[in-house]
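See structure below.
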Amino acid sequence: VNDIPSPHILTLSGTLRSPKISFHPPFLMLMPVPLGVETEGVITIIPKDFIRQSRIRVKLPELELADGTRTCPFSVDFPEGQDIVLSSDGTANELTCRVSFRSSKPMSFLGEMFFIDQEEN
């Protein structure tokens with residue numbers, strides 16, 4: 001101050017929060033159906049700590065059948081869109097995701113689907 005050098009120490013602190021999503025319900029169990037008939041379930045994706053708009057995509061599991069062929073009997077649909085949009089108060093919209101399963105061969109599956117944002121989180 002007044003051209004007299006004096007040391008000033010500025011301390012900054014903050015919290016880094018990584019974006020994450022949670023699901024309601026936390027797991028999905030689809031009902032058994034006859035071969036070739038579609039079954040589906042709906043989940044709500046709840047985004048937390050996103051600081052910018054992001055688009056969610058889904059990595060679906062590919063299953064190997066007893067005869068060695070590979071198939072993906074699942075499909076997903078986002079009826080209201082798959083973009084996480086922030087409101088003016090910093091909260092993000094919830095997304096609805098419809099998960100469908102259909103197979104012409106008998107199978108059961110217990111596993112994971114990966115929901116990934118634009119930054120590969």
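The values are calculated or read from the model by the stated rules, or taken from the named source; none is laboratory data. Predicted model, so just to flag it, every value in this text is computed and none were measured. Every residue, glycine among them, receives a Cβ derived from its backbone with ideal geometry; neighbour counts consider all protein chains shown. SASA here: full protein model, heavy atoms, side chains in, ligands and nucleic acids out. Shrake-Rupley method; radii C 1.70, N 1.55, O 1.52, S 1.80 Å.
Brief remarks follow.
- Selection from region 93-107 of residues that are closer than 16 Å to residue 70 by Cβ and without any contact (Cβ under 8 Å) to a residue 60 or more places away in the chain: 107
- Search result, residues across region 63-84 that are of a type outside the set (D, E, K, R) and either assigned to a strand (DSSP E or B) or touching a residue at least 40 places away in the same chain (Cβ under 8 Å) (or both): 63, 65, 71, 74, 75, 76, 84
- Residues of region 61-104 satisfying the condition of being of a type in the set (Val, Ile, Thr) and either more than 19 Å from residue 119 (Cβ to Cβ) or over 11 Å from the mean Cα position of the chain (by Cα) (or both): 69, 71, 76, 85, 91, 96, 99
- Residues within region 1-60 that are of a type in the set (A, V, I, L, M, F, W, C), under 19 Å from residue 101 (Cβ atoms), assigned to a loop (DSSP other than H, G, I, E, B) and under 15 Å from the mean Cα position of the chain (by Cα), tallied: 3
- Near pairs, Cβ below 9 angstrom, 6+ apart or cross-chain, from region 48-62 (closer than 27 Å to residue 89 by Cα and without any contact (Cβ under 8 Å) to a residue 40 or more places away in the chain) to any residue that is in a strand (DSSP E or B) and of a type in the set (A, V, I, L, M): 49/92; 51/86; 52/84; 52/86; 53/84; 53/86; 53/92
- Residue match in region 85-92 (condition: without any contact (Cβ under 8 Å) to a residue 24 or more places away in the chain and β-branched (Val, Ile, Thr)): yes
- Those residues of region 64-110 which are of a type in the set (Gly, Ala, Ser) and either on the phi < 0 side of the Ramachandran plot or surrounded by 10 or more Cβ atoms within 10 Å (Cβ to Cβ) (or both), in sequence order: 66, 75, 81, 87, 88, 92, 100, 103, 104, 108
- When restricted to residues that are β-branched (Val, Ile, Thr) and closer than 20 Å to residue 110 by Cα, region 8-43 contains 5.
- In region 111-120, the residues that are of a type outside the set (Asp, Glu), in a loop (DSSP other than H, G, I, E, B) and loosely packed, with under 13 Cβ neighbours inside 10 Å: 111
- The single residue among 10, 28 that is among the aliphatic types (A, V, I, L, M), in contact (Cβ under 8 Å) with a residue 24 or more places away in the chain and open to solvent by 60 Å² or more (accessible area, probe 1.4 Å) turns out to be 28.
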